[in-house]
1. Can you tell me the convex hull volume per residue for region 228-339, based on C-alpha atoms, in Å³ to the nearest whole number?
2. Please work out the Cα center distance from region 65-126 to region 214-265, rounded to the nearest Å.
3. In Å, what Rg and Dmax follow from the Cα atoms of region 225-283?
4. Once Rh for region 14-129 is found with the Kirkwood sum over Cα pairs, what is the Stokes-Einstein diffusion coefficient at 37 °C and 0.692 mPa s, in µm²/s?
5. Once neighbouring chains are kept in place and the probe is 1.4 Å, which whole percent of the accessible area of the chain is contributed by carbon and sulfur?
6. What is the distance in Å between the Cα centroid of region 166-190 and that of region 423-465?
7. Which whole number in µm²/s is D for region 422-490 by Stokes-Einstein, with the Kirkwood Rh taken over Cα pairs at 4 °C and 1.567 mPa s?
8. Taking only protein heavy atoms into account and a 1.4 Å probe, give the accessible area per residue of the chain in Å².
Amino acid sequence: MSDGEDQVDRAPETGRDLVAANRRLAYLVRASELLSASLDHRVTVVAIAELAVPALADSCSVHLVQDRGLLLVAAAHIDRGRQRVLEGLAARREPSDDAVANEVAGTGRPVVDEASRRAWLPLHRHGRTLGVLSLAMDGSHRPLGKAELPLIEDLGHRSAVALDHALRYRARTMEAKTLQRSLLPPSLPMIPGIQLAGRYRPAGDGLQVGGDFFDVFPLGDHRWGVVMGDVSGKGVEAASLTALARYTARAVAPVEEHPSGVLRATNDAVLASDVGERFCTMAAAVVEVAEGVAVVELALGGHPRALLLDAHGEVRPVGIPGTALGLFENCDLTDATVSLGPGDALVFFTDGLIEARAPDGAWSDGLLEAVLANAAGEDALGLASAVEKAVLRFEDDDPRDDIGLVVLRVPTPAEVVVGEVLHRRLPTEPIAAYVARGMVRSWLEHQHLPAEVADDIVLVVSELVTNAAREATDRVELRVWRTPAVIVVEVADDGEGFIPPPDADQPPGAQAEAGRGLWLVQLLSHDNQFNPGPWGTVVRCRFVIAV
């Protein structure tokens with residue numbers, strides 16, 4: 001055969017190879033684009049699974065190496081019903097029983113089983129295995145063997161790089177969040193005769209510790225201390241001043257007669273410390289509750305005036321402006337007193353709420369007052385949520401400054417807490433649901449409710465605590481209380497933020513493993529709220545027990 005004849009015979013094959021190579025290149029370019037689109041590791045693992053199906057396999061599972069073992073975190077399948085099953089398994093956050101996947105995680109070497117058309121690939125980066133990519137041909141007749149391994153390995157390498165970046169970003173973010181949370185109370189207390197709610201939202205990408213802080217603590221004799229502050233600057237240096245200001249105020253408040261004394265002592269501490277030119281603004285208050293009325297004495301050290309929302313929806317500022325702390329030895333500080341009756345609320349906040357700016361640069365003049373007036377009648381949590389949502393919407397979910405907010409509200413007679421409040425911290429393990437069910441069942445026995453109502457409440461608590469324990473890093477809190485006509489259940493966790501699916505109020509499909517718990521919560525409770533907060537997520541459900 002001549003050289004010319006050989007070239008003619010090879011031409012079709014060369015053309016096919018060129019087309020295949022171009023397709024492979026286009027696929028890998030698209031993979032790189034999708035994998036680099038987000039630094040959220042949860043988005044990254046979903047992108048990995050979706051890139052593999054159907055391009056490389058009929059099904060794909062992504063496992064991550066965690067302290068508790070190898071966990072299934074994302075999955076995709078060409079069959080939608082089977083994908084819902086896999087997604088439900090991933091939502092459980094339980095160690096995987098896939099023996100080969102665990103072997104690959106341990107050895108760091110891929111395994112290909114051509115007979116069963118399955119492959120397991122380690123996601124390896126910087127000398128350690130981050131996870132395992134599992135692929136399978138479940139429904140089609142396509143091969144999956146060593147011939148396909150180079151492309152799979154290429155995707156695995158790109159996935160490992162993206163996942164490594166996302167996990168490193170998450171680690172830095174969690175460090176910042178941990179430091180930030182240490183500057184806030186672990187949770188707000190339950191104050192007899194007062195509803196409390198707090199919000200904190202740092203500006204930026206979460207890698208910098210913000211300077212806003214607040215605290216609520218007992219002073220004895222039915223008196224409570226409240227502080228809200230804003231430290232200049234960001235980062236570790238700002239965090240050190242935040243800790244100094246917060247803990248100085250907490251330490252001196254029990255012995256100071258008036259809030260202005262708390263601010264003067266804090267000013268002295270800031271001036272005596274080595275914080276350079278840093279300073280802070282602060283509002284300090286003492287709250288005393290008696291016979292359905294809360295008397296609040298407050299002083300302002302360079303801080304914005306608090307807003308009083310009365311039961312009729314009227315809003316007015318309270319407090320007398322004073323000198324910021326850490327600038328001068330002698331501060332101009334004046335105490336003021338305001339009384340709150342049933343339905344009245346007092347809102348402390350930082351300037352991130354009144355100096356918010358829209359993407360086009362417009363200022364938020366009057367936004368806070370308008371939101372509060374429109375939300376009159378809501379409880380403290382509802383008011384805090386309404387304000388946060390409105391400001392974030394105005395700033396297109398990209399706040400230019402930190403947001404700090406504390407709401408104190410005197411309940412109406414229909415909202416007054418009756419009897420003992422159940423308040424417990426739970427373990428962040430699957431046993432948390434079992435512990436919670438026992439506590440709530442025991443508490444409900446003293447409420448003399450119909451058995452079916454008590455059973456509904458216990459089931460909802462079980463579902464909420466199960467979700468919270470999966471999301472939590474270190475803390476799950478359960479609160480249950482009663483008003484004359486309502487049982488309220490509140491579950492909080494310190495996780496990265498759980499967002500219920502938009503169709504959580506619809507019954508899940510017959511094959512769905514996920515969504516049943518949230519659907520039951522929606523079905524059995526009379527109303528519910530999913531609220532992001534400074535510590536994670538707070539879910540509150542209400543059960544009407546009397547009309």
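1. Values: hull volume 11.8 nm³, N = 112.
It is 106 Å³ per residue.
2. About 49 Å separates the Cα centre of region 65-126 from the one of region 214-265.
3. 10.8, 34
4. Working: Rh = 15.5 Å.
The estimated diffusion coefficient comes to 212 µm²/s.
5. Working: 13360 of 25540 Å².
Answer for the chain: carbon and sulfur cover 52 percent of the accessible area.
6. For region 166-190 versus region 423-465, the Cα centre distance is 28 Å.
7. Details: Rh = 12.1 Å.
It comes out at roughly 107 µm²/s.
8. Details: 25540 Å² over 547 residues.
Per residue, the chain has 47 Å² of solvent-accessible surface.
The values are calculated or read from the model by the stated rules, or taken from the named source; none is laboratory data. The structure displayed is predicted, hence computed values, not measured ones. Note that each Cβ is placed from the backbone with ideal geometry, even for glycine, and that neighbours are counted across all protein chains shown. Each accessible area value is taken on the protein alone, full model and side chains, heavy atoms only, with ligands, DNA and RNA left out. Shrake-Rupley method; radii C 1.70, N 1.55, O 1.52, S 1.80 Å.
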